[in-house]
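Visitor: Structure in structure tokens, see below.
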Amino acid sequence: MKPTDIKNTQHFHKVVDCQYACPAHTPVPEYIRLIALERYTDAYMINWQSNVFPGILGRTCDRPCESACRRRRVEEEPVAICRLKRVAADKRDDIEHLLPPVPVSKNGKRVALIGAGPASLTVARDLAPLGYSIDIYDNQFAGGGMMRSQIPSFRLPEEVLDEEVNYIVERGVTTFFDTQIDSMKEILEKDYDAVFVGTGAPRGRGLDLPGLDEAGDKVHLGVDWLANVAFEHTHVIGKRVLVLGGGNTAMDCCRSARRMGGEDVRIVVRSPFGDMKASAWEKEDAIHEGIPIFDNHTPKEYVIEDGNLKGMLFEKVEAQYDANGKRSLIPTGEDWVFMEADEVLVAIGQDNAFPWIERDQDIEFGKWDMPVVDKVSFQSTNSKVFFGGDAAFGPDNIITAVAQGHEAATSIHLFCQGKSVSDRPAPFTNLLSQKMGVHEWIYDNAVKPDERYVVPMAPLEEVLADRKLEVELGFDSATGYNEAGRCLNCDVQTVFMEDRCIECDACMDVCPTDCISFVGNAEETELRSTLSAPAQNLAQDLYVSAALPTRRVMVKDENVCLHCGLCAERCPTTAWDMQKYIYNLSYAGQ
Amino acid sequence: MTYQVPKFRNPSLPRNALGYTKADYEGSISSLCAGCGHDSISACIIRACHELSIAPHKIAKLSGIGCSSKSPAYFLGKSHGFNSVHGRMPSVVTGAAMANRDLIYLGVSGDGDTASIGMGQFIHVIRRNLNMVYVVMNNGCYGLTKGQDSATADQGSASKKNDPNPFNGIDLPALALQSGATFVARSFSGDKEQLIPLIKAGMTHRGFALIDVVSPCVTFNNNETSTKNYDYVREHARAGGIVDFVPMRDEITTRYQPGSTYEVTLHDGSVVHLHKVAESLDPFDRMSAMAALDEHRRNEEILTGLIYMDMDSTELHEVLGTSQRPLNQLSAADLCPGDKVLHNINASLR
Ligand SMILES: Cc1cc2nc3c(=O)[nH]c(=O)nc-3n(C[C@H](O)[C@H](O)[C@H](O)COP(=O)(O)OP(=O)(O)OC[C@H]3O[C@@H](n4cnc5c(N)ncnc54)[C@H](O)[C@@H]3O)c2cc1C
Ligand SMILES: Cc1ncc(C[n+]2csc(CCOP(=O)(O)OP(=O)(O)O)c2C)c(N)n1
Ligand code: SF4
Ligand code: SF4
Ligand code: SF4
Ligand SMILES: [Mg+2]
């Protein structure tokens, strides 16, 4: 293999698994160390810079970082990255004075943002300090989008949402709430320099089965019902509730139903339990609240008696997978199962809908009637119009909406300056030695064996009695400190300087996880099999040095490096050094 | 600050026939100087024992005094161990081995521990062909006492703080051959590929196996004027015979060119493939081995690899006809067989 070019920003970026997996590339280990130091405000601000909604995301994020966390490759559970973010948000001081100033005199450019969900709010956050005049339009009474209308208060208290939304909407942007936009043409006629569409994927998918018409208002679309609960149009639900679907919306529906009067609330889903789309922890939370999950049940019919909904019929199925892993659900041939129900919540998916965008505005629509949007710049075929969040590529999650909002803001800024949107600013990177003495490092390099700490919860009876009472209590400072200690500091890189190496093998011998080998060079596949421990995780790169005097090369499998620094401590010539890798995205104007 | 090894290990570490990974053969974290050759030898011992699938409790590691003799603390943490007196490891091993022949005896010593204070013991243990592996971590100096020249330092070699050594250096393999050793090898701490199979072969050999391992002392004797620094050893080492060790339970797959390769079957059925590199060396002929050592030494080369092996070695237990069972397994009835037996013995002497 060729020597690894560590000047290429991607090699070490990939080693910081959590940061790499985070769509917004939040510098996770950096803020976790600050939490251990009880520097909560600083930890918060690092998050705020990257992901805009630390308090919200510290409760609701889909946590792609945790599935990527290195800790999972050496033990069971990842670092509780998400809940540590919440610790920073819960324990910080007031931060308003730390927010970037928004100039009073504007730069002369006007931008319209349609929808006030996380994607639009991120665009506003990035552009307002640069002097843009920003108009936000949303059909809800306040900003937040689905974070307000969909995510229940027992997972995300309103105060937390309001505070972080207000850091944006109350600082130099013009909001038009309770304003439905019905025509893109009209918006474009207002001569904005750029328009951002962040309207989400607002339409719930229905389930048209025999009996639907007669069932009438006893069958609800999950997303609409959740919005009605959030906006206090709906106050009760029947005692027996069937929730159809296996995603996170279904989990929020059933848990909300338990709080709105539902006693026998069930989730019924076609797929096997393990294939359900909902995150593992959301399923656990639902089960914990006494909600059984009936998997492998395909809904067949709304059962009506005397003109009223009585329940539903389901066919039992079995999942079979072909050689390519493609699944088909095969009926088992058993009798259909009847389940009683007073009301049914259908949570089987969402669709995008753009009835308000006229098709003659140079905005091309493609497959599934979705706008054609560039994956990097988020520009549509009308160069003035940008899309982001669920509106761009279909329903996803908050952190993706934020990440796309940052990119769209960068594009809008380039576009408004007459520059090419493909001429994007490079990330800021740096390597900083952590050495303080022979066995001393700026970071705490000892690897803690602690298992993941459990987040304490409010008593079940209390949370079921009050739909607004937050279920999770968050870590206290001491637990936050302990959990922070589990982080392996993956941003502190092992940097190898081959010109200093005397090939004494000390690093290779001391490495607890056998990451380092000195071997004859070969092609990657062969090299991976000749190392001290076979490098089987192909998603993780090898770090290969130039040829050493014995013509061997140093090969480090980045896969399970603990960043313990023992290699650098053992090296007699400091050919290894532990260096903190800073990788910060560049935002609009940087 | 780290003075402890993290508990996590690489999940893809291979398991041996006993289900153990290499980690099960590790010891505590080394306190030797960073870069000391001794640590590399420890790593080779760990790998050799793991790959041989020896149960850790079936090994006894014994040593004298010195940085080298400290190193058994850093490997085989679950094996028996005895850190004895300076130069006296051989007599302690002799006692232990005589009492219990079921263990594998691994002696670890330094050039000071062996060639100075322990010289007498060293020669006698060889001469008796005690069934053990004797590893000398040879750095040409007394590392632990701050780098004084040892008896194996080459003439003219100068360590970091000393004048060139005026005396002739002792060549331990040559001395061992002279004293009747039945397995003699030399290696270099920086050459794991060579050293690991040698350790395995030595552990399987029946009788005394000397492995003299040149092991640079980074702190006191890794300077340019020393003949035991990393670069010098790398440049001057010449492999005489390359060993490929195939344990009894594995199928022999490697095939070497005939003529230059010997296939030696050890007493337990394991096979040592010896691939000859040096023209002049016949590793089954003591005189040839001695001559090859001498020739390389005159050429300022360090002959490494398997230098000599006696396939018909008779170890001390066989010579003395000792008990097949370890002494701690003998009952009172075995040790004191009673009147009748005594009577018979007496009668046989009449
Ligand atoms: C029940 C449920 C639970 C969820 N839970 C989570 C979670 O825990 N974690 C997570 O990360 N994600 C979650 N999501 C997904 C997440 O809410 C969305 O991915 C995210 O909010 C998308 O952000 P956005 O900015 O693209 O659009 P949205 O948040 O959808 O905001 C769009 C806004 O535009 C408004 N709008 C739409 N059309 C118009 C129009 N024509 N005129 C004016 N205004 C308009 C909408 O009313 C809305 O306010 C959940 C989704 C649902 C349905
Ligand atoms: C009886 C006795 N004499 C002298 C010493 C001092 N001493 C300790 S270690 C050592 C030399 C060790 O040299 P070596 O065996 O080569 O080990 P190294 O440290 O080089 O690995 C000496 C002379 C001692 N500990 N005991
Ligand atoms: S151990 Fe820490 S730095 Fe490494 S991936 Fe997990 S959270 Fe990120
Ligand atoms: S920091 Fe060095 S010694 Fe520690 S696990 Fe990583 S490569 Fe191994
Ligand atoms: S003094 Fe020399 S022999 Fe002793 S530990 Fe240090 S480097 Fe090794
Ligand atoms: Mg010595």
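The values are calculated or read from the model by the stated rules, or taken from the named source; none is laboratory data. Bear in mind that the values here come from a model prediction, so they are computed numbers and not experimental data. Glycine also receives a Cβ, built like all others from the backbone with ideal geometry; neighbour counts cover every protein chain displayed. Accessible surface areas use protein heavy atoms only, side chains included; no ligands, DNA or RNA. Shrake-Rupley method; radii C 1.70, N 1.55, O 1.52, S 1.80 Å.
Visitor: Quick one: Kirkwood hydrodynamic radius for the protein assembly as shown, alpha-carbon pairs, angstrom, one decimal?
Guide: Evaluated over the protein assembly as shown, this radius sits at 33.0 Å.
Visitor: Also: Say each of A:ASP335 and B:THR225 gets a label point 7 Å from the Cα, pointing the same way as Cα to Cβ; how far apart are those two points in nm?
Guide: 10.0
Visitor: A further question on this structure: Report the Cα centroid-to-centroid distance between the stretch A:513-590 and the stretch A:198-231 in angstrom, as an integer.
Guide: 53
Visitor: Are there any residues in the stretch B:184-211 with a reduction of at least 40 Å² in accessible surface when going from the isolated chain to the assembly of protein chains? Probe 1.4 Å, please list them by number.
Guide: Checking the loss per residue gives B:LYS192.
Visitor: Based on alpha-carbon centroids, what's the gap between the stretch A:352-399 and the stretch A:413-468 in Å, whole number please?
Guide: Distance between centres, Cα-based: 30 Å.
Visitor: On average, how much accessible surface per residue is there in the stretch A:204-349, in Å², for a 1.4 Å probe, leaving out ligands, DNA and RNA?
Guide: On a per-residue basis, 47 Å².
Visitor: Going by a ≥ b ≥ c, the root eigenvalues of the Cα gyration tensor, does chain B fall in the rounded group (a/c under 1.5), the prolate group (a/b larger than b/c) or the oblate group? Let's see the in-between values first.
Guide: Details: a/c = 1.44, a/b = 1.38, b/c = 1.05.
The shape class here is rounded.
Visitor: Here's something else I'd like to know. Computed on protein heavy atoms with a 1.4 Å probe, what is the summed buried accessible area for the chain pair B and A, in Å² to the nearest 100?
Guide: On the way: alone 16750 and 25620 Å², together 39710 Å².
Using a 1.4 Å probe, the pair buries roughly 2700 Å².
Visitor: Further, regarding this structure: Under 16 Å Cα-Cα from B:LYS146, which aspartates and glutamates qualify once same-chain neighbours fewer than 8 residues away are excluded?
Guide: Straight-line reach from B:LYS146, under 16 Å: B:ASP111, B:ASP113, B:ASP163.
Visitor: If you don't mind, another one. Report the paramagnetic label zone for A:GLN536: residues of the stretch A:51-68 whose backbone N is under 20 Å from a point 7 Å from Cα along the Cα-to-Cβ axis.
Guide: Within reach of a label on A:GLN536: A:68.
Visitor: Compute the Cα gyration tensor for the stretch B:20-179, then decide on rounded, prolate or oblate, letting a ≥ b ≥ c be the square roots of its eigenvalues: rounded whenever a/c is under 1.5, prolate when a/b is larger than b/c in the other cases, and oblate in all that remain.
Guide: Details: a/c = 2.22, a/b = 1.36, b/c = 1.63.
In terms of gyration-tensor shape, oblate.
Visitor: Continuing with the same structure: Put one equal scatterer on each alpha carbon of the stretch A:450-572, apply the Debye formula with no solvent term, and list log10 I(q)/I(0) at q = 0.09, 0.21 1/Å to two decimals.
Guide: With no solvent term, the Cα-only Debye profile gives -0.42, -1.17.
Visitor: What's the average, rounded to a whole number, of partner chain beta-carbon atoms within 10 Å of each residue's beta-carbon in B:29-41? If you can, show how the numbers build up before the last one.
Guide: Numbers: counts 5, 4, 0, 2, 3, 15, 11, 4, 3, 0, 7, 6, 2.
Mean inter-chain Cβ contacts per residue within 10 Å come to 5.
Visitor: Let me ask something additional. Report the convex hull volume per residue for the stretch B:76-166, counting only C-alpha atoms, in Å³.
Guide: On the way: hull volume 9.4 nm³, N = 91.
So the per-residue hull volume is 103 Å³.
Visitor: What's the average, rounded to a whole number, of partner chain beta-carbon atoms within 10 Å of each residue's beta-carbon in A:152-162?
Guide: Numbers: counts 0, 0, 0, 0, 0, 0, 0, 0, 0, 0, 0.
What the average comes to for A:152-162 is 0.
Visitor: If r is the Cβ-Cβ distance from A:SER477 to A:LEU98 and R0 is 25 Å, what FRET efficiency results, to the nearest 0.05? Walk me through the intermediate numbers first.
Guide: Numbers: r = 21 Å, r/R0 = 0.84.
After rounding, the FRET efficiency stands at 0.75.
Visitor: How many percent of DSSP beta bridges within the protein assembly as shown run antiparallel, rounded to 5? Numbers along the way, then the final one.
Guide: Values: 61 of 121 bridges.
DSSP beta bridges in the protein assembly as shown are roughly 50 percent antiparallel.
Visitor: Under a straight-distance cross-link criterion of Cα-Cα below 12 Å, which aspartates and glutamates are reachable from A:LYS375, leaving out those fewer than 8 residues away in the same chain?
Guide: Straight-distance partners of A:LYS375: A:GLU407.
Visitor: Aspartates and glutamates within cross-link reach of A:LYS2: Cα-Cα under 13 Å, excluding same-chain residues under 8 positions apart?
Guide: Reachable aspartates and glutamates: A:GLU523, A:GLU524, A:ASP541.
Visitor: Suppose we keep just the DSSP beta bridges with both residues in the stretch A:204-349; what percent of those would be antiparallel, to 5? Intermediate results must be reported in sequence, preceding the final value.
Guide: Working: 17 of 31 bridges.
The antiparallel proportion sits near 55 percent.
Visitor: Right, another one. Other chains' Cβ within 10 Å of B:117-126 residues: what's the mean?
Guide: On the way: counts 0, 0, 0, 0, 0, 0, 0, 0, 0, 0.
Shielding by partners across B:117-126 averages 0.
Visitor: Assigning unit charges at the beta carbon (Lys, Arg +1; Asp, Glu -1) and nothing else, what dipole magnitude in debye, to the nearest 20, does the protein assembly as shown show about its Cα centre?
Guide: Roughly 3180 debye for the protein assembly as shown.
Visitor: Only helical DSSP H runs with n ≥ 4 go in: add -39500 (n - 2.57) per run for the protein assembly as shown, normalise by residue count and round the 222 nm mean residue ellipticity to 500 deg cm²/dmol.
Guide: Details: 35 runs with 284 residues, N = 940.
So the helix-based figure for the protein assembly as shown works out to -8000 deg cm²/dmol.
Visitor: If you restrict to DSSP beta bridges whose two residues both lie in the stretch B:22-320, what percentage is antiparallel, to the nearest 5? Present the calculation step by step, with values, prior to reporting the outcome.
Guide: Values: 18 of 49 bridges.
Once the DSSP bridges in the stretch B:22-320 are tallied, antiparallel ones form about 35 percent.
Visitor: Students often get this wrong, so check it: of B:LYS7/B:LYS58; A:LYS218/A:LYS300; A:LYS14/B:LYS192; B:LYS22/B:LYS228, which have C-alpha atoms separated by over 22 Å?
Guide: Numbers: B:LYS7/B:LYS58 24 Å; A:LYS218/A:LYS300 16 Å; A:LYS14/B:LYS192 32 Å; B:LYS22/B:LYS228 29 Å.
Over 22 Å apart, Cα to Cα: B:LYS7/B:LYS58; A:LYS14/B:LYS192; B:LYS22/B:LYS228.
Visitor: OK, next. With a ≥ b ≥ c taken as the square roots of the eigenvalues of the C-alpha gyration tensor of the stretch A:62-115, please select rounded if a/c is under 1.5 and otherwise prolate if a/b is larger than b/c or oblate if it is not?
Guide: It is prolate, given that a/c is not under 1.5 and a/b is the larger ratio.
Visitor: Can you give the convex hull volume of the alpha carbon atoms of the stretch B:1-107 per residue, in Å³? Could the numbers behind the result be given before it?
Guide: On the way: hull volume 11.0 nm³, N = 107.
Here the figure is 103 Å³ per residue.
Visitor: Set the Förster distance to 60 Å, then compute FRET efficiency between B:SER179 and A:ALA522 from the Cβ-Cβ distance, nearest 0.05. If you can, show how the numbers build up before the last one.
Guide: Values: r = 44 Å, r/R0 = 0.73.
That pair, B:SER179 with A:ALA522, gives E of 0.85.
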